[in-house]
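Since every read-out is calculated from the coordinates, none of them should be taken as a lab result. If you're wondering where the values come from, they're calculated on a predicted model, not measured in any experiment. Positions of Cβ are generated from backbone atoms using ideal geometry, with glycine treated the same way; all protein chains shown enter the neighbour counts.
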Amino acid sequence: MSLFIKKPLSAFEEDMKKSEMKRVLGKWSLTAIGIGAIIGGGIFVLTGTGAYFHAGPALALSFVIAGIACVFAALCYSEFASMIPVEGSAYAYAYGTIGEVFAWIIGWGLILEYAMGSMTVAVSWSGYFNKLLHLFNLHLPAYLTQDPKSYTGEGFSMNLPATIIVLLITALLVKGTKEAAKANNLIVLLKVAAVLFVIIAGAFFINVANWTPFVPEVATVVNNGESHTAYGWGGVVSGAAAIFFAYVGFDAVSTQAGEAINPKKDVPFAIVASLLVCTVLYILVSLVLTGMMNYADFNPTGKYPDAIKAPVAAAFDLAGMPWAVFIITVAATVGLVSVMMVMLLGQSRIFMGMSKDGLIPKMFSDLHPKNKTPYKSNILIGVIVAIVAGFTPIATLADMTSFGTLFAFTMVCIAVWLLRVREPNTPRSFKVPALPLIATLGIVINIYLMSKLNLHAIQLSGAWLVIGVLIYFAYSRHHSKLNNSK
C-alpha cells in the first residue's frame, strides 16, 4: 500500500455529484462565515496581551505582518478551492497533490486549529459572559467559572458556562447548516457594527502621546512568572505570532464548499474578502486601542489588572464611557458564539471528508436523515470540546491552535505549487499570481511564526502530530478506500 498515493481530481468531482448535503450557501453567506470565524477572541482579548507582552503601540504592525502571512495562504487556498471544491479543506487539497500520509497529517493537524480553537474561544466567551453578568450585579460562584488549574479555592471546579455554550451550539449545528448560517449572519452584523463603533468612538479619545515611541525599546517583561524579551522590531514579529490566533478561521470558508451553491467561484471570493475586511478592522482597532490607553497600562500586575483580559472594555471604561463598556461586552459575548459555531462546523466537515475516504470510521460521514448534517460527528466533537473547555486553561490552547493553523497554511502553500508544476493544464477558475514568489513567502513566514510560539505549546503540538502518525499506521492506512481499491 502506497503512503503517497494521490486521490485523482476526477474523484473529487465525483464526490461532489454524489453528495447529499444541501447547497444553501451563497457568496455573502460564505463571506459572513469567514468574518464570523475571524472576528472574535483575537480582537476582543489578544490586543491587550499583544501590546503589553510583545509590540507596544506597534501592535498594528504585528497585525499587518500576520495579515500578510495569511494573504499568501489565502491566495493558495483560493486556487485549490476553485479546483477541489469539497468539504475537506487543506486535507483534501493535500490528498489530491502530495499524497495520503501527508493529507492525514494535515487533517490531524487541523484538529489543533478547529477543535482547540473552539475550546479557546469557549473559554474566552465564558470570561465575557461573566463580565456581562457582573454588569447586572449577578455573580456565579468561582468554582463554576474557572478551570481546576486556575481555581484558587478548594474542591471541585470547572468552567461551566464554556461547557454549556458549546453544547448549545452543537445542538444548532445538528439542526441544519442553513439555520446555523442565518444565525451567523445576524451575529456577524452585530460584531462588525460593534467593531466600527470601537474605531469611530474610540478615535475621539486617542492621545497621540501614547504612540510615542511607536516601537518601544527592547525590555524584559514577566508573563505568568516567566520573563522574556519584548518590544523593538523583534517584539513586533513575536507579537505577530502571538496574535496570529486572531486570524484563525478564514480557511473555515473552504470547509463549507460542499454546501456552497457555486463553490468554484464563491469560495475563493469569500476567503479573500473576509480576510481583507478583518485585517483592515484589526489594524484600525489596534491603533485606536493603543492610542486610548498606554500599552504599559495593560500590565496584569499594574493599576488596571483586568485590562489584559478585556482590553477594549477597559479602554472605554478609562475614557469615562461605562455605557460603551456594556455595548462592547454584549457584542463580544454574542460575537464569540459565531466563532465557535464556525470552528465546530469546520471540524465536522473535515472529519466528514476523511471519513468518506475511509481514514476514520464511517460514523463521521453519516448524515441526519432529515437535516442532512453529519450529526454523529457534530455530537461527538461537541461533547469532547465542551468537556475540555470546562477543565483547561486558555493560554496553551491558543498557541496550539496557532501551531495547527500555521502548519496547515505551510502545507497548502507547498501543495498548490506542486500541483501547478505537475498538472499545469488542469482548469482553474482562480490562479495565484506570481505563484513561486507567493508560495515561497507563505512557507517561510508561516514556519518562522511557528518557531516563535510558546515552546511548551510547540512540544505538545509535536506530540499530537506523532500520535496522529501512529493512528494512521495502526488504522487509517489499512482502511483507506483509495489503497484498498488498487
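Which GluC sites (Glu not before Pro) in the stretch 174-272 sit in a loop by DSSP (not H, G, I, E or B) and have at most 11 other Cβ atoms within 10 Å of their own Cβ? Walk me through the intermediate numbers first.
Details: sites: 179, 217, 226, 259; in loops: 217.
Those satisfying the criteria are 217.
Using packing as a proxy for protection, rank 32-39, 401-408, 429-436 so that the peptide with the highest average count of other Cβ atoms within 10 Å comes first.
Details: 32-39: 29.2, 401-408: 27.5, 429-436: 14.5.
Highest to lowest by the protection proxy: 32-39, 401-408, 429-436.
Net charge near residue 23: determine it from the other residues with C-beta under 11 Å of the C-beta of residue 23, scoring Lys and Arg +1 and Asp and Glu -1. Display every interim value, and only then the final one.
Details: positive: 22, 178, 372; negative: 20, 259, 266.
That works out to 0.
Rounded, prolate or oblate: which fits the stretch 434-486 when a ≥ b ≥ c are the square roots of the eigenvalues of the alpha-carbon gyration tensor, with rounded for a/c under 1.5 and prolate only if a/b beats b/c? Provide the component values of the computation, followed by the final result.
Working: a/c = 7.19, a/b = 1.41, b/c = 5.10.
Judged from the Cα gyration tensor, the stretch 434-486 comes out oblate (a/c at least 1.5, b/c at or above a/b).
Where does each of 294-304, 370-380 land if you order them by average Cβ count within 10 Å, highest first?
On the way: 294-304: 16.6, 370-380: 20.2.
Ranked from most to least packed, the peptides come out as 370-380, 294-304.
Please find the FRET efficiency linking residue 4 to residue 280, where r is the Cβ-Cβ separation and R0 is fixed at 41 Å, and quote it to the nearest 0.05. Could the numbers behind the result be given before it?
Details: r = 41 Å, r/R0 = 1.00.
Taking R0 as 41 Å, the efficiency between residue 4 and residue 280 is 0.50.
Assuming R0 = 25 Å, what is the FRET efficiency of residue 186 and residue 384, from their Cβ-Cβ distance, to the nearest 0.05?
Values: r = 28 Å, r/R0 = 1.10.
Calculated transfer efficiency: 0.35.
Among all the aspartates and glutamates, which ones have a C-alpha under 13 Å from residue 7's C-alpha, if same-chain residues fewer than 8 places away are not counted?
By straight Cα distance, residue 7 reaches 15, 100, 357.
Where nothing but the Cβ of Lys and Arg (+1) and of Asp and Glu (-1) is charged, how large is the charge dipole of the stretch 9-479 around its Cα centre, in debye to the nearest 20? List each step's numbers first, then the result.
Values: 27 positive and 23 negative charges, 221 e Å.
Dipole size: approximately 1060 debye.
State the Cα centre-to-centre distance between the stretch 365-418 and the stretch 149-208 in whole Å.
18 Å
Residue farthest toward the positive end of the dipole of the chain, with Cβ of Lys/Arg at +1 and Asp/Glu at -1: which of 414, 148, 483?
The listed residue farthest towards the positive side: 483.
Among 231, 197, 168, which residue has its Cα positioned farthest towards the positive end of the charge dipole of the stretch 142-231, with +1 placed on the Cβ of Lys and Arg, -1 on the Cβ of Asp and Glu, and the dipole taken about the Cα centre?
Positive-most Cα among the choices belongs to 168.
Net charge near residue 392, counting Lys/Arg +1 and Asp/Glu -1 over other residues with Cβ under 15 Å of its Cβ? Provide the component values of the computation, followed by the final result.
Numbers: positive: 149; negative: 147, 399.
Overall, the nearby charge balance is -1.
Per DSSP H run of n ≥ 4, the term is -39500 (n - 2.57); total these for the chain, divide by its residue number, and report the mean residue ellipticity at 222 nm rounded to 500 deg cm²/dmol.
Numbers: 17 runs with 304 residues, N = 486.
Taking each H run of at least 4 residues, the total per residue is -21000 deg cm²/dmol.
Output the pairs from 376/431; 372/481; 431/452 with a Cα-Cα distance over 28 Å in this structure; if there are none, say none.
On the way: 376/431 36 Å; 372/481 23 Å; 431/452 31 Å.
Over 28 Å apart, Cα to Cα: 376/431; 431/452.
Rounded if a/c is under 1.5, else prolate if a/b beats b/c, else oblate: with a ≥ b ≥ c from the C-alpha gyration tensor eigenvalues square-rooted, which is the stretch 85-200? Before the final figure, lay out the partial values.
Working: a/c = 2.39, a/b = 1.50, b/c = 1.60.
In terms of gyration-tensor shape, oblate.
Rounded, prolate or oblate: which fits the stretch 9-479 when a ≥ b ≥ c are the square roots of the eigenvalues of the alpha-carbon gyration tensor, with rounded for a/c under 1.5 and prolate only if a/b beats b/c? All intermediate terms of the calculation are to be shown ahead of the outcome.
Working: a/c = 1.64, a/b = 1.40, b/c = 1.17.
Note, shape of the stretch 9-479 comes out prolate.
Would you work out which of 95, 66, 185 lies farthest towards the positive end of the dipole of the stretch 59-192, given +1 charges on the beta-carbon of Lys and Arg and -1 on that of Asp and Glu, about the Cα centre?
Farthest towards the positive end: 185.
Given H placed on each backbone N at 1.01 Å, which residues far from residue 373 in sequence or on other chains put an amide H within less than 5 Å of it?
Amide H neighbours of residue 373: 368.
Cβ under 13 Å from residue 339's Cβ, residue 339 left aside: what net charge do those residues give with Lys, Arg +1 and Asp, Glu -1? Please list the in-between numbers first.
Numbers: positive: 191; negative: 113.
The answer is 0.
Between the alpha-carbon centers of the stretch 223-287 and the stretch 1-58, tell me the distance in whole angstrom.
After rounding, the separation between the Cα centres reads 10 Å.
Take peptides 164-173, 349-358, 195-204 and line them up by average Cβ neighbours within 10 Å, highest first, as a rough protection proxy. Could the numbers behind the result be given before it?
Details: 164-173: 19.7, 349-358: 25.0, 195-204: 16.8.
The peptides rank, most packed first, as 349-358, 164-173, 195-204.
So who's got an amide H within less than 5 Å of the one on residue 87, skipping anything under 5 residues away but keeping other chains? H placed 1.01 Å off N, in plane.
Long-range HN contacts for residue 87: 258.
For the stretch 1-64, which chymotrypsin sites (Phe, Trp or Tyr not before Pro) pass both filters: DSSP loop (anything but H, G, I, E, B) and at most 16 other C-beta atoms within 10 Å? Could the numbers behind the result be given before it?
Working: sites: 4, 12, 28, 44, 52, 53, 63; in loops: 4.
Listed in order of number, the matching sites are 4.
Taking a cut-off of 24 Å between Cα atoms, list the lysines near residue 131, but don't count ones fewer than 8 places away on the same chain.
149, 191, 303, 309
Evaluate E = 1/(1 + (r/R0)^6) for residue 14 and residue 423, where r is the Cβ-Cβ distance and R0 equals 22 Å; express this FRET efficiency to the nearest 0.05.
On the way: r = 17 Å, r/R0 = 0.79.
So the FRET efficiency works out to roughly 0.80.
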